[in-house]
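Step one of this worksheet: look at the structure below.
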Amino acid sequence: MKLISVAARSLISLTMIFCAVAIATAQTEKEKPNPSPGPSPMPKQLTVEAPKPPAANPTDVASIDAIIAAVYDVISGPAGKKRDWDRMRSLFVPGARLIPTGPLQAGGYGSRILTIDDYIERSSGFFEKEGFFEKEAARRIEQFGQIAHAFSTYESRHAPDDAKPFQRGINSIQLMNDGKRWWIVTIFWQGEDAKTPLPEKYLKY
């Protein structure tokens with residue numbers, strides 16, 4: 001019995017020691033300041049690069065006058081004439097946008113943002129059936145450094161010798177020169193209508 005009693009007391013002592021160590025460890029861990037998790041790492045941004053445009057004819061992009069003349073020329077032609085869409089693409093900076101603005105059926109006005117290929121897809125059917133000739137009638141330009149803005153008044157006809165255009169409006173053209181050539185960044189346009197006639201100041205150079 002004495003041996004059993006000694007063994008029991010030893011077991012109880014060891015148990016108490018283990019408990020004391022466990023409690024002390026828990027208190028120590030509790031007293032440790034929680035390290036700040038810090039800012040969450042930013043997820044990697046997925047970017048999709050716009051396709052590189054075809055090489056441009058240097059004469060098309062040598063000046064503001066040249067590139068604006070080229071964009072009017074490339075979309076103009078008789079019904080059924082296949083447009084030179086690679087020439088069109090070569091005038092625009094990668095990621096460029098074409099933004100028509102006009103009245104909505106529900107009232108008010110709205111804009112549609114198109115890529116160059118969106119414009120090509122949407123207009124090709126029309127050009128197959130209808131003659132379309134667009135020319136510049138007047139222009140105002142503001143330029144600073146490598147950027148320029150042209151307010152280009154346009155006239156659209158079904159044939160180049162039509163007496164009157166079926167549509168007039170303003171092409172707001174943003175341009176950029178990279179040191180080697182001019183690029184079109186955006187064409188943002190609105191057609192003239194009864195509520196929004198073209199002011200006289202935009203009908204002359």
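The values are calculated or read from the model by the stated rules, or taken from the named source; none is laboratory data. Everything numeric here is computed off the predicted structure, so don't read it as measured data. All Cβ positions, glycine included, derive from the backbone under ideal geometry; neighbour counts span all protein chains shown. Accessible surface areas use protein heavy atoms only, side chains included; no ligands, DNA or RNA. Shrake-Rupley method; radii C 1.70, N 1.55, O 1.52, S 1.80 Å.
With respect to the numbered conditions (1) loosely packed, with under 13 Cβ neighbours inside 10 Å; (2) in a loop (DSSP other than H, G, I, E, B); (3) touching a strand residue (DSSP E or B) at 6+ places or on another chain (Cβ under 8 Å), which one is the sole condition not fulfilled by Q143?
Here Q143 meets the rest and fails (2).
Among the residues of region 47-58, which ones are open to solvent by less than 50 Å² (accessible area, probe 1.4 Å) and at pLDDT below 95?
Residues of region 47-58 that are open to solvent by less than 50 Å² (accessible area, probe 1.4 Å), as a first pass: 50, 53-54, 56.
Listed by number, the residues that qualify are A50, P53.
Name the residues in region 59-83 that are surrounded by 16 or more Cβ atoms within 10 Å (Cβ to Cβ) and over 17 Å from K135 (Cβ atoms), would you?
V61
Here are some residues: F133, F126. Which one is open to solvent by 20 Å² or more (accessible area, probe 1.4 Å), outside any helix (DSSP H, G or I) and of a type in the set (A, V, I, L, M, F, W, C)? I'd like the intermediate steps shown before the answer.
On the way: F126 fails: outside any helix (DSSP H, G or I).
Only one candidate qualifies: F133.
In region 63-90, which residues are part of a helix (DSSP H, G or I) and without any contact (Cβ under 8 Å) to a residue 40 or more places away in the chain?
Matches in region 63-90: D65, A70, D73, V74, W85, D86, R87, M88, R89, S90.
Can you name every residue in region 152-185 that is more than 16 Å from A69 (Cβ to Cβ), in contact with a Ser or Thr (Cβ under 9 Å, 6 or more places away or on another chain), surrounded by fewer than 17 Cβ atoms within 10 Å (Cβ to Cβ) and in contact (Cβ under 8 Å) with a residue 12 or more places away in the chain?
Q167, S172
If you go through region 186-205, how many residues are open to solvent by less than 30 Å² (accessible area, probe 1.4 Å) and either part of a loop (DSSP other than H, G, I, E, B) or of a type in the set (D, E, K, R) (or both)?
1
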